[in-house]
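In what follows, a structure is listed as structure tokens, so that the remarks can point back to it.
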């Protein structure tokens, strides 16, 4: 006020516009805000006024009902605007379940022309690389009702090109011969060559070496005291008639000690030493793990099984892509490497003890017939040749001409 008194009229000229603006703000902004605040406070007091049943008062208040109706209408409108068009025939096609079970039958079978190229590769193995895959089916149609599915191993058409033999022959090993090539030449399983010559798949043959060649697959048995055709057939699981026919015996009684009999389809019986067992061990429940001869490895890089062994499907399908390989599950000799009908590009390995493993549907083969492989050696590149719906390995274990469950041998 002292400043106003001495400032005179000049101060009034300066402050007059400020006063006008201030009065305008108070009248048109301040007072309406105050009135609105007072109205809200009064409304809230009416809605939540203190009563004995406060919750009931809030629910039954007309403002609450109006607010709920507004929220409901807004939610329904938003849902209808944001909903995409859905038809009955396409309902659920984007779900995970639909992608797992729905398969277009028109694309189930893919037939690929065989390639003649064979590529050599190293033997490095990476067994534990897990990969996340899509939900598409990577399986095959290798079922027992298909004409190409067979437990017969080795080269196709070998029997027709090999003359029939009635007697045991001798073969002199030539330069460059391998056990696998010799078995192919005479139309015999590798196991028969090994058993008849006391060899294993690791044995080395030399030029000039003489090998015993049997007329057919099986083993030679030397008759001992007390032997009969019936006992021999039970021991090796071969019908007596087949033994008589193979050895041209007119009667089962015409056996002499020292005679050599060819047991068709027979296998050597392991002479494991008998061990005494306590009475307590007789009551131990049998192990759930089946006995497995030899050392087995998982046959490919990935461990995703897309189709299991069953009474109809002859092996297991293990997923992969064009960067994964198939590996020898055990040591052995390659007896087949090439195109085999619906199996596509296929490798078969004879392990010398009656077991043969088959690896199918490859894109490239790394081995040839007669190659000696060790467990873990790369055999081929994963593919989808033959009757296959995606890149994967079809793996079979065959013993005595019967398909076995591969998961009883590899884990």
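The values are calculated or read from the model by the stated rules, or taken from the named source; none is laboratory data. This one's a predicted model, so the numbers in the text were calculated from it and none came from an experiment. A quick note on method: Cβ atoms are made from the backbone with ideal geometry, for glycine too, and the neighbour counts reach across all protein chains shown.
Please work out which one of (1) modelled with pLDDT under 85; (2) more than 24 Å from residue 401 (Cβ to Cβ) is the condition residue 266 fails and give its number.
(2)
Of the residues 162, 125, 172, only one is at pLDDT below 85 and in contact with a strand residue (DSSP E or B) (Cβ under 6 Å, 6 or more places away or on another chain); which?
Result of the check over 162, 125, 172: 125.
Residue-wise test of (1) more than 14 Å from residue 140 (Cβ to Cβ); (2) over 15 Å from the mean Cα position of the chain (by Cα); (3) in the same structural domain as residue 355 (by TED's automatic domain parsing).
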residue	(1), (2), (3)
309	no, no, yes
312	no, yes, yes
317	no, no, yes
320	no, no, yes
325	yes, no, yes
328	yes, yes, yes
335	yes, yes, yes
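Regarding the range 96-105, can at least one residue be identified that is surrounded by 10 or more Cβ atoms within 10 Å (Cβ to Cβ) and modelled with pLDDT of 70 or more?
no
Listed residues 319, 350; which is within 22 Å of residue 185 (Cα to Cα) and in contact with a strand residue (DSSP E or B) (Cβ under 7 Å, 6 or more places away or on another chain)?
When all the criteria are applied, what remains is 350.
Please state which one of 360, 375, 380 is surrounded by fewer than 23 Cβ atoms within 10 Å (Cβ to Cβ), in the same structural domain as residue 138 (by TED's automatic domain parsing) and either modelled with pLDDT of 90 or more or not in a strand (DSSP E or B) (or both).
375
So residue 143 ticks every box in (1) over 21 Å from residue 332 (Cα atoms); (2) at pLDDT 85 or above; (3) over 33 Å from the mean Cα position of the chain (by Cα) but one. Which box is left unticked?
Result: residue 143 passes all but (3).
Go through the range 335-355 and report how many residues are buried (at least 24 other Cβ atoms within 10 Å of the Cβ) and touching a helix residue (DSSP H, G or I) at 6+ places or on another chain (Cβ under 7 Å).
3
Yes or no: the range 291-303 includes at least one residue that is at pLDDT below 60, over 28 Å from residue 369 (Cα atoms) and part of a loop (DSSP other than H, G, I, E, B).
Checking the range 291-303: at least one residue is at pLDDT below 60, over 28 Å from residue 369 (Cα atoms) and part of a loop (DSSP other than H, G, I, E, B).
Report, ordered by the first and then the second residue, all pairs with beta carbons closer than 8 Å, sequence separation of six or more or different chains, a first member in the range 250-270 that is over 22 Å from residue 193 (Cβ atoms), and a second member that is surrounded by fewer than 16 Cβ atoms within 10 Å (Cβ to Cβ).
252/228; 252/230; 255/228; 257/224; 257/225; 258/222; 259/222
Just give me the residues in the range 304-320 being in contact (Cβ under 8 Å) with a residue 40 or more places away in the chain, in a loop (DSSP other than H, G, I, E, B) and under 17 Å from residue 358 (Cβ atoms), in sequence order.
Within the range 304-320, 308, 309, 312, 314, 315, 320 meet the criteria.
Among (1) surrounded by 15 or more Cβ atoms within 10 Å (Cβ to Cβ); (2) closer than 18 Å to residue 166 by Cβ; (3) out of contact with any strand residue (DSSP E or B) (no Cβ under 6 Å at 6 or more places or on another chain), which single condition is residue 250 missing?
Among (1) surrounded by 15 or more Cβ atoms within 10 Å (Cβ to Cβ); (2) closer than 18 Å to residue 166 by Cβ; (3) out of contact with any strand residue (DSSP E or B) (no Cβ under 6 Å at 6 or more places or on another chain), residue 250 violates only (1).
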